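**Q** Have a look at this one before I ask anything.
The values are calculated or read from the model by the stated rules, or taken from the named source; none is laboratory data. Computed from a predicted structure; not experimentally measured. Using ideal geometry, Cβ is built from the backbone for each residue, glycine included, and neighbour counts are taken over all protein chains shown. Side chains included, ligands, DNA and RNA excluded: accessible areas come from the protein's heavy atoms. Shrake-Rupley method; radii C 1.70, N 1.55, O 1.52, S 1.80 Å.
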Amino acid sequence: MISLLQKAVDMGVTFFDTAEAYGPFKNEALVGEALAPFRKDIIICSKFGFNIQDGKLAGLNSKPAHIREVVEQSLKRLKTDYIDLLYQHRVDPNVPIEDVAGTVKDLIQEGKVKHFGLSEAGAQTIRKAHAVQPLTALQSEYSLMTRQPENDVIKVCEELGIGFVPYSPVSRGFLSGYINEHTKYNPDNDNRPTLPRYQPDAIKANWVMIDTLSEFGNQRGLTAAQVALAWLLAQKPFIVPIPGTTKLAHLQENLWSAGYEFTSQELQELTAALSKIKIVGDRYTGVQAEQTNK
């Protein structure tokens, strides 16, 4: 993974996203070790907002003192003295968003953070936070399988001049066409077995999406994943998707998607075809679902 991250820099990647919750802690340490030689040339994003106990996520915590504690720990793991973009990972209903924004504002004034972001926040929360400390980015799930942000938050971002960062832009690998109803997952390092959209019946029902992307891509030398990423990039100039991968070949595949430009007719026709597809299966259930769009 260190080799992959360093090759990503060589290939022109400058925007890296991590969080204390990934691992927990392991991913930040990995990013810190791999990217230390390139620190001045790249942007590192991380996140706070969870209680982490005994190596597991145990609810939300965005209390100001906890934010400060997390940032100090993240800085050490990331081997840096500043975080370029710091997100609240999930909105904490027990802490006013104004207090969260104010705490990050102080961290920015202290030079420990450069920019402030939210993740999976709703329109009202975005406005409240932005009034205290201007937001640089909103990170939420957005892909051809999850288009709800088009209804409101992308419009708010455009109005306020906030960047939009889609996570899971290839829908946790589904839009690549590389997984199917027979795919086996590692339960120790993969949450897809718990998500409705990745159950065998849902995968089979949603496969028409892969067929549509592949039909378009096959005529233009693109994979299904490349079409999905290029489509996202074509939606708004301030949209910057963050596809994750552990494989060098997929990293290159993802990067090449940025080179494709749709004609207006192509984009219109493809979008119309994709919009007719009814997606089967929720993206989250239970507590995870309750923590989104707040």
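**Q** Using the basic label-point model (7 angstrom from Cα toward the beta carbon), what is the Glu98 to Lys79 distance in nanometres?
**A** 4.2
**Q** Just to verify a number: FRET efficiency for Asp41 and Lys276, C-beta to C-beta distance, R0 = 41 Å, to 0.05?
**A** 0.40
**Q** Same structure, new question: Can you give the local net charge around Gly122? Use residues other than it whose beta-carbon is closer than 11 angstrom to its beta-carbon, Lys and Arg +1, Asp and Glu -1. Can you show the working numbers first?
**A** Working: positive: Arg127, Lys128, Lys294; negative: Glu120, Asp152.
My count for the surroundings of Gly122 gives +1.
**Q** I've got another one for you. Work from the charge dipole of region 121-213 (Cβ charges, +1 for Lys and Arg, -1 for Asp and Glu, about the Cα centre) and give the residue of Ala129, Tyr198, Pro166 farthest towards its positive end.
**A** Ranked along the dipole, the leading option is Ala129.
**Q** Within region 254-294, whose backbone N sits under 13 Å from a point 7 Å along Cα→Cβ of Asp201?
**A** 280-282
**Q** Next up: Over the chain, what percent of the accessible surface lies on carbon and sulfur atoms, probe 1.4 Å? Intermediate results must be reported in sequence, preceding the final value.
**A** Working: 7100 of 14050 Å².
Reported share for carbon and sulfur atoms: 50 percent.
**Q** What is the magnitude of the charge dipole of the chain about its Cα centre, with +1 placed on the Cβ of each Lys and Arg, -1 on the Cβ of each Asp and Glu, and no other charges, expressed in debye to the nearest 20? Write down the numbers at each step before the final one.
**A** On the way: 31 positive and 34 negative charges, 43 e Å.
The calculation lands at about 200 debye.
**Q** Among Val208, Gly286, Thr183, pick out the residue whose Cα is farthest towards the positive end of the charge dipole of region 182-294, where Lys and Arg carry +1 and Asp and Glu carry -1 on C-beta, about the Cα centre.
**A** In region 182-294, that residue is Gly286.
**Q** While we're on this one: Is the shape of region 124-238 rounded, prolate or oblate, going by the alpha carbon gyration tensor and its root eigenvalues a ≥ b ≥ c, with a/c under 1.5 for rounded and a/b larger than b/c for prolate? Working shown, then result.
**A** Working: a/c = 2.75, a/b = 1.59, b/c = 1.73.
It is oblate, given that a/c is not under 1.5 and a/b is not larger than b/c.
**Q** Looking at the chain as a GNM with Cα springs under 10 Å, which of Pro169, Pro149, Pro37 has the largest mean-square fluctuation?
**A** Pro37
**Q** Which angle from 0 to 90°, rounded to the nearest 10, does the C-alpha axis of helix 224-235 make with the longest principal axis of the chain?
**A** Rounded to the nearest ten degrees, it is 60.
**Q** Test of the criteria: in region 155-238, which GluC sites (Glu not before Pro) are in a DSSP loop and have at most 15 other Cβ atoms within 10 angstrom of their Cβ?
**A** Filter output for region 155-238: Glu181.
**Q** Could you work out Rg/(2.2 N^0.38 Å) for the chain, with Rg from alpha carbons only? Walk me through the numbers before you get to the answer.
**A** Values: Rg = 18.9 Å, N = 294, 2.2 N^0.38 = 19.1 Å.
Against the empirical 2.2 N^0.38 Å value, I get 0.99 for the chain.
**Q** If you roll a 1.4 Å probe over the heavy atoms of the protein chains, what accessible area per residue do you get for the chain, in Å²? Don't jump to the answer; show the numbers that get you there.
**A** Working: 14050 Å² over 294 residues.
Value for the chain: 48 Å² per residue.
**Q** Spelling out what I want: for every residue of region 207-222, take phi, set θ = phi - 60°, compute 6.51 cos²θ - 1.76 cosθ + 1.60 (Karplus), and round to whole Hz; glycine and proline get x.
**A** Here the 3J(HN,Hα) series is 5, 4, 5, 5, 4, 5, 5, 5, 4, 5, x, 4, 7, 10, x, 10 Hz.
**Q** A further question on this structure: Under the Karplus relation 6.51 cos²θ - 1.76 cosθ + 1.60, θ = phi - 60°, what is the ordered set of whole-Hz ³J(HN,Hα) values for region 2-18, x standing for Gly and Pro?
**A** 5, 4, 4, 4, 5, 5, 4, 4, 4, 8, x, 6, 10, 10, 10, 10, 9
**Q** Give the residue list of chymotrypsin sites (Phe, Trp or Tyr not before Pro) in region 144-192 that are DSSP loop and have at most 16 other beta-carbon atoms within 10 angstrom. Before the final figure, lay out each step's value.
**A** Details: sites: Phe164, Tyr167, Phe174, Tyr178, Tyr185; in loops: Tyr178, Tyr185.
Of the chymotrypsin sites (Phe, Trp or Tyr not before Pro), the ones in loops of region 144-192 whose Cβ has at most 16 other Cβ atoms within 10 Å are Tyr178, Tyr185.
**Q** To continue, here is another question. Let me spell out the model: positive unit charges on the Cβ of Lys and Arg, negative unit charges on the Cβ of Asp and Glu, origin at the Cα centre of region 7-61. What dipole size does that give, in debye rounded to 20? Walk me through the numbers on the way to the answer.
**A** Details: 6 positive and 7 negative charges, 5 e Å.
Value, rounded to 20: 20 debye.
**Q** Right, next: Could you work out how far the C-alpha centroid of region 93-125 sits from that of region 173-237, in angstrom?
**A** 33
**Q** Among the GluC sites (Glu not before Pro) within region 242-294, which fall in a DSSP loop and have no more than 12 other Cβ atoms within 10 Å of their own Cβ? Present the calculation step by step, with values, prior to reporting the outcome.
**A** Values: sites: Glu253, Glu261, Glu266, Glu269, Glu290; in loops: Glu261.
Taking region 242-294 and a limit of 12 other Cβ atoms within 10 Å, the loop GluC sites (Glu not before Pro) found are Glu261.
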